[in-house]
Amino acid sequence: QVQLVESGGGRVQPGGSLRLSCAASGSIVSISAMGWYRQAPGKQRELVATITSGGITNYADSVKGRFTISSDNAKNTVQMQMNSLRPEDTAVYYCNLVGRRTLFTSPRDYWGQGTQVTVSS
């Protein structure tokens, strides 16, 4: 069983900052990448930012220059610093992990339960 526990969501005014954190635990032998996705009401879940185990990052165009993703491979954690937040950033943010539970299985996605981020004055 692999568990992802998110923290750091909340309510902030436009222009403010939040930091999301996610910790992975359980039986997993290798992690290919970790990242964050978000889903706003009435919209599909979308990629926000990902980081590979080698440190390669990928960002949605809408957050480039405002969000920064980082990870600690030794601790199986991923963080995302979100600055200059906008009302359109309001969504439930989900932590994602791509990894293997054994050396003989294919990598698969694992998801956290989500944390609400609300940007409003």
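The values are calculated or read from the model by the stated rules, or taken from the named source; none is laboratory data. Note that this is a predicted model, so its numbers are computed, not measured. Accessible surface areas use protein heavy atoms only, side chains included; no ligands, DNA or RNA. Shrake-Rupley method; radii C 1.70, N 1.55, O 1.52, S 1.80 Å.
A 1.4 Å probe run over the chain, with the rest of the protein chains in place, finds 54 Å² accessible per residue.
To two decimal places, what compactness ratio does the range 1-44 give when its Cα radius of gyration is scaled by 2.2 N^0.38 Å? Here the answer is 1.50, to two decimals. The range 1-60 and the range 66-121 have their alpha-carbon centroids 0 Å apart.
Along the range 51-64 the Karplus relation, 6.51 cos²θ - 1.76 cosθ + 1.60 evaluated at θ = phi - 60°, assigns HN-Hα couplings of 9, 7, 5, x, x, 7, 10, 9, 10, 5, 4, 5, 10, 4 Hz to successive residues, with x for each Gly and Pro. Structural descriptor for the range 1-79: relative contact order 26 percent, calculated from alpha carbon pairs under 8 angstrom and at least 6 residues apart. Rg over Rh for the chain works out to 0.98, both radii taken from alpha-carbon positions and Rh defined as the Kirkwood radius. Just the protein heavy atoms count here, and of the accessible area of the range 9-116 at 1.4 Å, carbon and sulfur take up 48 percent.
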